Amino acid sequence: MDQEEGSTTVDNIVTQFNTYEDFLDSQITTLDLYYLEDEDLARQLVELGYRGTGEVVKREDFEARKAAIEIARLAERTQKKTLTSAGKDLHDNFLKALAVREEHNRSGTSVIFIRDRNSHGQEVSGYIDYAHRLKIEDFEVYFSGKKRLLPRPTDMSFYNWDSHVAVWNSTPNYQVIADNPEGLLFKYKRDRKILNVDPKAQPGDNSTRTPIQTELYIQAVIFDHVSRRKT
């Protein structure tokens, strides 16, 4: 048996049996147990290759391959779970911009500004910590077009233009500075850099401001910050 055939045989056995003991038991016959009168001894003889009805597989080979297959399975599941935008047919520029930034924002720092009308017809606007939102909710509904991403009173900032309700909240990534006379500021907690969201000002060190032409919202802007601090 060559190496490739041997690997295939081990893979088939590892897939079929949960434990090495289960594999050994499958090689033991009723007659073996009748004459040996000891299940452990019968297993040992199969493991050594003296008894059994099938292939001889060493315990270390079985367990090593079992672990490798499990690691590969978990890695594949994690990768599929990570990017909810993968494979989606995205037509609007806003959703395309979110998709481009999704992987980075699994540990990243983008801030989304949205202004539009809510389900009650009220005009609302606010700043959203993209990385934080990705952690606390499933973006599948947004990338699939089932729902529109809108600011909430629990986001970094929220303003209802009809009721004049204004709310600010710091997030795990950003500290909100709402009492600045020149306007709202956000401090990124990791490198303590200031993000200025005033369209007439520079966004700040290592930050960029990108207006998005979109048919989904009255206005959408994405601020990207690149942290220079080592983690």
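The values are calculated or read from the model by the stated rules, or taken from the named source; none is laboratory data. Quick caveat, the model's predicted, so the values are computed rather than measured. Cβ sites come from the backbone with ideal geometry, for glycine too, and all protein chains shown count toward neighbours. Just the protein is used for accessible areas: all its heavy atoms, side chains included, with ligands, DNA and RNA removed. Shrake-Rupley method; radii C 1.70, N 1.55, O 1.52, S 1.80 Å.
A few points about this structure:
- Once region 205-231 is narrowed to residues that are free of Cβ contacts under 8 Å to residues at least 40 places away in the same chain and among the polar types (S, T, N, Q), the residue that is nearest to residue 170 (Cα to Cα) is 207.
- Summed over region 136-193, the residues that are within 29 Å of the chain's Cα centre (by Cα), open to solvent by 50 Å² or more (accessible area, probe 1.4 Å) and within 22 Å of residue 219 (Cβ to Cβ) give a count of 7.
- Residue within region 125-148 that is of a type in the set (D, E, K, R), within 18 Å of residue 115 (Cα to Cα) and part of a loop (DSSP other than H, G, I, E, B) present: yes
- Every residue from region 115-135 that is open to solvent by less than 60 Å² (accessible area, probe 1.4 Å) and either among the aromatic types (Phe, Trp, Tyr) or under 22 Å from residue 189 (Cα atoms) (or both): 126, 127, 128, 129, 130, 131, 132, 133, 134
- Per-region count, region 59-105, residues in contact with a helix residue (DSSP H, G or I) (Cβ under 9 Å, 6 or more places away or on another chain) and modelled with pLDDT under 75: 1
- Residue 202, sole failed condition from (1) assigned to a loop (DSSP other than H, G, I, E, B); (2) surrounded by 12 or more Cβ atoms within 10 Å (Cβ to Cβ); (3) at negative phi; (4) free of Cβ contacts under 8 Å to residues at least 40 places away in the same chain: (2)
- Comparison of 214, 210 shows that the only residue that is assigned to a loop (DSSP other than H, G, I, E, B) and open to solvent by less than 50 Å² (accessible area, probe 1.4 Å) is 214.
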